[in-house]
Structure formats: structure tokens, C-alpha cells
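Engineer: Before I ask anything, let me first share the structure, which is written out below as C-alpha cells.
The values are calculated or read from the model by the stated rules, or taken from the named source; none is laboratory data. Bear in mind that the values here come from a model prediction, so they are computed numbers and not experimental data. Methodologically, a virtual Cβ is constructed for each residue, glycine included, from the backbone with ideal geometry; neighbour enumeration extends over all protein chains shown.
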Amino acid sequence: MRLARLATFALGIICFFLPFTTVSCSGVRVLTLSGRQLVTGTEIEVPAGFGQAKTERVDPEPLALLAFFSLMGGLGLSLSRARTAAGTSAAAGGLACLFLLASKSRLTSELSKQAGGLIQISFEPGFYLALIFSLLAASLSAYVLFSEGKRTPLPLSSNGQGYKFCTQCGSRNSIANLFCEECGTQFG
């Protein structure tokens, strides 16, 4: 389960390198920004009516930045074998979802105010995939948190070899193990 949590956080982060938003005017695509560009800010060339195009700075979107850092934090917490890491990584995934949704709302609202409805913003697959992977990471982490300690040990097999379950993370271990293979907790 730890690998699945790691993968969902990592995939959520990778989605920030995909197209996140597209700005269009009267149905004509003007600009597409990746999640990374929303997080770090970027420079764009704005065509002028006459003469050379001018370069304008697009400032970082603070809520997208918070979503990205939440995913990074969740990834780091998923690497931890501590019992509290599952709950904290679930919170990080949930926060990433909330920040992404708040970012979408903020960008849509700001653009409609500034352009008076002439410019539309649409959200690309990178945004929706980041949202889905954030939600999935939060769900997997919450599942791990709430399923801890609910497993019952299997009986010993006839040859004396069996399994025991860790009281901290619930993972199955060989009866001969002195430490849990998943979280490193010492068996008593």
C-alpha cells in the first residue's frame, strides 16, 4: 500500500508538468500554461497591434504553489514508516485537492473580472489529473490510517511457519522476523 501512496503523490506532481490552463479570446487559443508555470510564474509574449510583441510577466499562482507543496509534502510523508505519516499524508493530499479547486475558482474569477467576459479560461487534463491523483493519494492514505491494527493474525501452518501482523502498520510478516518489513517496528 505504501508503494501505491508514493505512486499517486508522484503522479500528482508529474501532472504539474502537463498543460493546466488555456486562455482563449473569442474561441481562439491565446495561451496555454502548465502547472509548473503557474507555480513558478513565467514570461509570455503579448502581441501588439502594431510593432513588436512585448513580454509580460505572469506571477506565480499562490494556491497552485500550495497545492504543489502539499503534494511534495505528502510524497515525503509517504516515504516515512512512522505511524502518524499516513494521517499527515492523507491531510496533505486533501489540502492539495482543496488548493487546486480554490486555484481554479480564483483564476476563473480574476480573469472574468479583468477581461469583462471577453477572455475565457479552460482547464486542461494536467489540472484534472493532478486533482484526481491528489484525491486518490488522500484516500489511500486515509485507508491505511483507518485500517491499521484491524487485521487478525493467520494461524501457524503445519510446518511451524506462519505469519504475524505488525501492530503499528498491519502488514504481514514472517513469524521469524524480529522487525516489521514495512515500518521497522520491533516485535515483542
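Engineer: In segment 36-56, is there at least one residue being in contact with a Gly (Cβ under 9 Å, 6 or more places away or on another chain) and either modelled with pLDDT of 85 or more or not assigned by TED's automatic domain parsing to the domain that holds Ala130 (or both)?
Structural biologist: Checked segment 36-56: no residue is in contact with a Gly (Cβ under 9 Å, 6 or more places away or on another chain) and either modelled with pLDDT of 85 or more or not assigned by TED's automatic domain parsing to the domain that holds Ala130 (or both).
Engineer: Can you report the number of residues in segment 1-30 which are under 22 Å from Ser147 (Cβ atoms) and part of a loop (DSSP other than H, G, I, E, B)?
Structural biologist: 1
Engineer: Let me ask something additional. Is one or more of the residues making up segment 47-69 of a type in the set (D, E, K, R) and in a helix (DSSP H, G or I)? Before you say what the answer is, go through the steps one by one.
Structural biologist: Start the filter on segment 47-69 by keeping residues that are of a type in the set (D, E, K, R), which leaves 54, 56-57, 59, 61.
From what is left, the residues that are in a helix (DSSP H, G or I) are none.
The answer is no, given that none of the residues of segment 47-69 is of a type in the set (D, E, K, R) and in a helix (DSSP H, G or I).
Engineer: Checking Met1 against (1) closer than 20 Å to Gly126 by Cα; (2) within 27 Å of the chain's Cα centre (by Cα); (3) aliphatic (A, V, I, L, M): exactly one of these is not met. Which one?
Structural biologist: (1)
Engineer: State which residue pairs qualify: first residue closer than 17 Å to Val30 by Cα and inside segment 55-66, second residue of a type in the set (A, V, I, L, M) and surrounded by fewer than 18 Cβ atoms within 10 Å (Cβ to Cβ) in any location, beta carbons under 9 Å apart, and separation of 6 or more residues or different chains.
Structural biologist: Qualifying pairs under 9 Å: Thr55/Ile44; Thr55/Val46; Glu56/Ile44; Glu56/Val46; Arg57/Ile44; Val58/Leu31; Val58/Ile44.
Engineer: Moving on. When you scan segment 72-188 for strands (runs of 3 or more DSSP E) that lie fully inside it, which ones turn up with 2 or more residues that are in contact with a helix residue (DSSP H, G or I) (Cβ under 8 Å, 6 or more places away or on another chain) and at pLDDT 80 or above?
Structural biologist: Filter on segment 72-188 gives 119-123.
Engineer: Being crowded, with 16+ Cβ neighbours inside 10 Å, assigned by TED's automatic domain parsing to the domain that holds Gln114 and in contact with a strand residue (DSSP E or B) (Cβ under 6 Å, 6 or more places away or on another chain) is true for just one of Leu6, Leu31, Leu11. Which residue is that?
Structural biologist: Leu31
Engineer: Among the residues in segment 19-27, are any closer than 13 Å to Phe133 by Cβ and among the β-branched types (Val, Ile, Thr)?
Structural biologist: There is no residue in segment 19-27 that is closer than 13 Å to Phe133 by Cβ and among the β-branched types (Val, Ile, Thr).
Engineer: So, one more: Return the pairs, sorted by first residue and then second, in which the second residue is among the acidic types (Asp, Glu), the first residue lies in segment 14-26 and is surrounded by 14 or more Cβ atoms within 10 Å (Cβ to Cβ), the beta carbons are less than 8 Å apart, and the residues are 6+ apart or on different chains.
Structural biologist: These pairs meet every condition: Leu18/Glu124; Pro19/Glu124; Phe20/Glu124; Thr21/Glu124; Thr22/Glu124.
Yes/no matrix, rows are residues, columns are (1) among the hydroxyl-bearing types (Ser, Thr, Tyr); (2) exposed (fewer than 15 other Cβ atoms within 10 Å of the Cβ); (3) assigned by TED's automatic domain parsing to the domain that holds Glu182; (4) within 30 Å of Thr167 (Cβ to Cβ):
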position: Ser89; (1), (2), (3), (4): yes, no, no, yes
position: Gly93; (1), (2), (3), (4): no, no, no, yes
position: Phe99; (1), (2), (3), (4): no, no, no, no
position: Ser109; (1), (2), (3), (4): yes, yes, no, no
position: Leu118; (1), (2), (3), (4): no, yes, no, no
position: Ala130; (1), (2), (3), (4): no, no, no, no
position: Phe133; (1), (2), (3), (4): no, no, no, no
position: Ser141; (1), (2), (3), (4): yes, no, no, yes
